[in-house]
Structure formats: C-alpha cells, structure tokens
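Engineer: So that we are looking at the same thing, I have put the structure below in structure tokens.
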Amino acid sequence: MKYWLMKSEPEAYSIEDLRRDKKTAWEGVRNFQARNYMRDEMKEGDKVIFYHSSCNPPEAVGEGRVCSPAYPDKSQFDAKSDYFEPRATKEKPYWHLVDICYVNTFKRMVTLDEMRKEPSLKGMLLLQPGSRLSVMPIEKEHYEKIIKLAGIA
C-alpha cells in the first residue's frame, strides 16, 4: 500500500463534494509527474490525504482512497474541454487518472503552517520549496501523523 496527498481547490472540487459524490474521477491533471504517479504507481486501496489548496489557509481536510486502476482521462479527447489534448488518441492517450472514493472528513483541519511547524513532517514533499504537484506521494509515517493531528487516529 502507498500513501498520497492530492490537492484540489475547494471552489473546483472540495472534500464536501467528494463526500456528496462518494467517488470521483481525478480528471484534469496536466503535469507529467503527477500523471505518472497516477498511471504507474497508484493502486486500488492506496490511501489519500485530501488537501485544499489555493485557499486561506491551505489545509488537509479529509481522507480518500484510490478506488480504480488508472485509465485514460476522457477530457483529453473532448475538443470543447479545457483539458483537450490534440496529440492524444484513443490508442495512445497522454493523460491518465484514477478514481478517488470518500473515506472521511477530518474532525480538525490540519493547516499547511501547522504541518511546517511539525518536526515529524520534515522532509514531506508538500513542504519542500517550489513543490506544486497536485498529486504526490507521502510516507506512511507522515500520513499517520496528519491523521493523528486531524483527530482521526
């Protein structure tokens, strides 16, 4: 099992949206490294920290889990989509995604500032200068610490 942090702007798709929907396709990722994580490394059952970004304050807000193998992001084939990729074909797609299922909403949100001040989270990719990936791996111990700070564990 692997552990992940997945960012979403709450105005675009929030933890409450995921709670309501129970499951969503993590579409629209257009960064090759993030795509590679989803396509090549994520497996069904992997655990996910759901993180609200581009808000004040940015914070970890809940848990999800990967609930599908990777598959092509259909938005890349739609010429009307903001995520259209003219070079992609059904035989050779550029972009892949996974489905994420809702697990829970944190009792207590864990802010980015709080994570930065927590010594046991040092080294976490999210906290590295210039880290902007929307999908990133995290260590099991970092995942468990965030869950504990959130009042879940």
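Engineer: Any residue that is part of a loop (DSSP other than H, G, I, E, B), at pLDDT 95 or above and either acidic (Asp, Glu) or closer than 19 Å to Lys140 by Cβ (or both) - is there at least one of those in region 62-74?
Structural biologist: yes
Engineer: Still on this structure, please answer the following. Just to be sure, is Pro93 modelled with pLDDT of 95 or more, surrounded by 17 or more Cβ atoms within 10 Å (Cβ to Cβ) and assigned to a loop (DSSP other than H, G, I, E, B)?
Structural biologist: When the stated conditions are applied, Pro93 passes them.
Engineer: Residue check, Gln33 against (1) part of a loop (DSSP other than H, G, I, E, B); (2) touching a residue at least 12 places away in the same chain (Cβ under 8 Å); (3) out of contact with any Phe, Trp or Tyr (no Cβ under 8 Å at 6 or more places or on another chain), all met but one. Which one?
Structural biologist: (1)
Engineer: Residue under question is Val103, and the condition is that it be over 19 Å from Lys22 (Cα atoms) and in contact (Cβ under 8 Å) with a residue 40 or more places away in the chain; does it hold? Walk me through how you get there before you give the answer.
Structural biologist: On the way: over 19 Å from Lys22 (Cα atoms): no; in contact (Cβ under 8 Å) with a residue 40 or more places away in the chain: yes.
When the stated conditions are applied, Val103 does not pass them.
Engineer: Just to verify a result, which residue in region 115-149, among those that are assigned to a helix (DSSP H, G or I), in contact with an Asp or Glu (Cβ under 8 Å, 6 or more places away or on another chain) and not aliphatic (A, V, I, L, M), is surrounded by the most Cβ atoms within 10 Å (Cβ to Cβ)?
Structural biologist: Result: Lys145.
Engineer: Next question. I'd like the residue in region 36-60 that is assigned to a loop (DSSP other than H, G, I, E, B) and out of contact with any Phe, Trp or Tyr (no Cβ under 8 Å at 6 or more places or on another chain) and, out of all such residues, is farthest from Lys2 (Cα to Cα). Let's see the steps before the verdict.
Structural biologist: Here is the first cut: in region 36-60, the ones assigned to a loop (DSSP other than H, G, I, E, B) are 42-46, 53-58.
From what's left, out of contact with any Phe, Trp or Tyr (no Cβ under 8 Å at 6 or more places or on another chain): 43-45, 53-57.
Working: Lys43: 8, Glu44: 10, Gly45: 8, Ser53: 22, Ser54: 25, Cys55: 27, Asn56: 28, Pro57: 27 Å.
Step by step, filter region 36-60, then rank; the result is Asn56.
Engineer: Kindly provide the set of residues from region 2-30 that are touching a residue at least 60 places away in the same chain (Cβ under 8 Å), more than 22 Å from Gln76 (Cβ to Cβ) and outside any helix (DSSP H, G or I), ordered by number.
Structural biologist: Lys2, Tyr3, Leu5, Lys22
Matching residues to (1) modelled with pLDDT of 95 or more; (2) closer than 15 Å to Val135 by Cα; (3) under 13 Å from the mean Cα position of the chain (by Cα):
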site	(1), (2), (3)
Leu5	yes, yes, yes
Glu16	yes, no, no
Arg19	yes, no, no
Lys22	yes, no, no
Glu27	no, yes, yes
Ala34	yes, yes, yes
Met38	yes, yes, yes
Lys43	yes, yes, no
Lys47	yes, yes, yes
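Engineer: Return only the number of the condition from (1) of a type outside the set (A, V, I, L, M, F, W, C); (2) touching a residue at least 40 places away in the same chain (Cβ under 8 Å); (3) farther than 19 Å from Lys47 by Cβ that His142 does not satisfy.
Structural biologist: Status for His142: all satisfied but (3).
Engineer: Please find, among Lys22, Lys74, Lys43, the residue that is of a type outside the set (A, V, I, L, M, F, W, C) and on the phi > 0 side of the Ramachandran plot. If you could, list the steps in order and put the result at the bottom.
Structural biologist: Numbers: Lys74 fails: on the phi > 0 side of the Ramachandran plot; Lys43 fails: on the phi > 0 side of the Ramachandran plot.
From the options Lys22, Lys74, Lys43, the qualifying one is Lys22.
Engineer: Every residue in region 106-131 that is of a type in the set (D, E, K, R) and in contact (Cβ under 8 Å) with a residue 12 or more places away in the chain, please. Steps first, answer last, please.
Structural biologist: In the first step, residues of region 106-131 are kept if they are of a type in the set (D, E, K, R); the result is 107-108, 113-114, 116-118, 122.
Within region 106-131, Lys107, Arg108, Asp113, Glu114, Glu118 qualify.
The values are calculated or read from the model by the stated rules, or taken from the named source; none is laboratory data. On a predicted model such as this, the values are computed, not experimentally measured, just so you know. Don't worry about glycine lacking a Cβ; one is built from the backbone with ideal geometry, like all the others, and counts go over all protein chains shown.
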